[in-house]
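One structure below.
The values are calculated or read from the model by the stated rules, or taken from the named source; none is laboratory data. In this text, all values refer to a predicted model and were calculated from it rather than measured experimentally. In this analysis, Cβ positions are derived from the backbone assuming ideal geometry, glycine residues included, and neighbour counts consider all displayed protein chains. Accessible surface areas use protein heavy atoms only, side chains included; no ligands, DNA or RNA. Shrake-Rupley method; radii C 1.70, N 1.55, O 1.52, S 1.80 Å.
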Amino acid sequence: MQSLWFSTAAHATIISNGDFSSGLDEWNDLSSTGSVTESGGQVILSSGDSFDPFAAVLVQGDDGSFLFNSPIMVGLNVSMLSVDVSVVSTLIDPTEQGLSTFTDTLFLAIYDAADVNFDAAFEIPVLGNVAETFLFDMSDWLGREIAISFELADEDDGFNNSFSVDNVFFTYNNTSVPVPEPKSFIMLLFGLALLTRCRKFA
């Protein structure tokens, strides 16, 4: 687990517009043959004609250049990355032959701004059309600058699939530090003053 702060890029931020209430603001659509659209405060990633490992891609923290000009800073008290996902539709794709044993799959990818050895991808095992919340452990990226990317792999399965993504945010550990009560704080100051005076006399 890393706890170092990196300054490889300026203007690091937390996740912005994770509920998509402002459309696709703060997000970059890097889709290829698929598409990313916003509807009703959520985004829809859809596969397109034929098959493509990066059919629909939605990124925050990078613009596809891997320069990380506006990365996401993972605070030291971050616990999980939470996201709500559901299946929107499954349609026949006549441009595919249906030869693949894999189906269209949505991934969460995390790209590290300083070290590619910290890059990772997680399959999101969406089961139905009711939104499910998925939690991803962020302990490996504490104190690091990252980009997060939702990537829809369009397989040659004979279908086009669409997935909704919503409520993308960090959850946090309870790291509250107890603050001394006024009386305790005054006693502490008095004790320090007394200690200083004793040292002078000594």
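Points to keep in mind about this one:
- Sub-8 Å Cβ pairs linking a first residue in region 126-139 that is closer than 21 Å to Ala109 by Cβ to a second residue that is exposed (fewer than 14 other Cβ atoms within 10 Å of the Cβ), at least 6 apart or interchain, are Leu135/Thr171; Ser139/Met1, ordered by first then second residue.
- Residue match in region 110-126 (condition: exposed (fewer than 12 other Cβ atoms within 10 Å of the Cβ) and in contact with a Ser or Thr (Cβ under 7 Å, 6 or more places away or on another chain)): yes
- Considering region 20-64, and only residues there that are open to solvent by less than 70 Å² (accessible area, probe 1.4 Å) and acidic (Asp, Glu), the residue that is nearest to the chain's Cα centre (by Cα) turns out to be Asp62.
Table: residues versus (1) modelled with pLDDT of 95 or more; (2) touching a helix residue (DSSP H, G or I) at 6+ places or on another chain (Cβ under 6 Å).
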site: Leu91; (1), (2): yes, no
site: Thr95; (1), (2): yes, no
site: Phe102; (1), (2): no, no
site: Thr105; (1), (2): yes, no
site: Ala109; (1), (2): yes, no
site: Asp112; (1), (2): yes, yes
site: Asp115; (1), (2): yes, no
site: Ala120; (1), (2): yes, no
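Residue by residue, here is whether (1) under 20 Å from Gly41 (Cα atoms); (2) aliphatic (A, V, I, L, M) holds:
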| residue | (1), (2) |
| --- | --- |
| Val83 | yes, yes |
| Ser86 | yes, no |
| Thr90 | no, no |
| Thr105 | no, no |
| Asp119 | no, no |
| Met138 | no, yes |
| Arg144 | no, no |
| Asp156 | no, no |
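- Extreme residue, least open to solvent (accessible area, probe 1.4 Å), among residues of region 90-109 that are of a type in the set (Ser, Thr, Tyr) and more than 18 Å from the chain's Cα centre (by Cα): Ser100
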